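The values are calculated or read from the model by the stated rules, or taken from the named source; none is laboratory data. Nothing here was measured: the structure is a model prediction, and the numbers come from that model. Note that each Cβ is placed from the backbone with ideal geometry, even for glycine, and that neighbours are counted across all protein chains shown.
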Amino acid sequence: MKKILLSIVTLALLSFNAYAATNKFVIQVSTDDARTQKIVLNNAANLQKYFGADNVDVEIVAYGPGLGILTTGNKNSSRVEKMAMSDIKFSACQNTMNGFKKKNGHLPTLTDGVDITPSGVVRIGELQQKGYSYIRP
């Protein structure tokens, strides 16, 4: 009886993990075009709406001119903050931030809920190696 119960529990856990692992998306934003940035946020929201927040991992990675979407001065900053609170992950490229500092004398101010990754391009590659589907609007 214990073996049967253990088999059922193991099968249930494997089934859950297989389902969760198939719903992973990384979205690249590397442009300062406002329309494209809006599409990026809409894509993330639509993925979460379709799969359900508990059944999908979405990470938006911003680098180069796209970093602006994750700063407090961006018109989408309040939306980014709300989305971060709803389990959408945001990663800002440290390389881009360092370039900004070199040019402007200070680091950009990031919106609350944004994480920093050493390299945006590397982060995207790492996520793809972990099975994330790549989206670039």
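Conditions: (1) under 24 Å from Leu127 (Cα atoms); (2) modelled with pLDDT under 95. Lys89 meets all but one. Number of the miss?
Among (1) under 24 Å from Leu127 (Cα atoms); (2) modelled with pLDDT under 95, Lys89 violates only (2).
Looking at region 70-81, can you tell me whether even one residue there is among the charged types (D, E, K, R) and within 16 Å of the chain's Cα centre (by Cα)?
Scanning region 70-81, I find at least one residue that is among the charged types (D, E, K, R) and within 16 Å of the chain's Cα centre (by Cα), so the answer is yes.
Of the residues that sit in region 29-69 and are crowded, with 19+ Cβ neighbours inside 10 Å and of a type in the set (D, E, K, R), which one is farthest from the chain's Cα centre (by Cα)?
Going through the qualifying residues, I end up with Asp57.
Could you tell me how many of the residues in region 23-37 are over 15 Å from Gly120 (Cβ atoms) and either assigned to a helix (DSSP H, G or I) or in contact (Cβ under 8 Å) with a residue 12 or more places away in the chain (or both)?
Count: 6.
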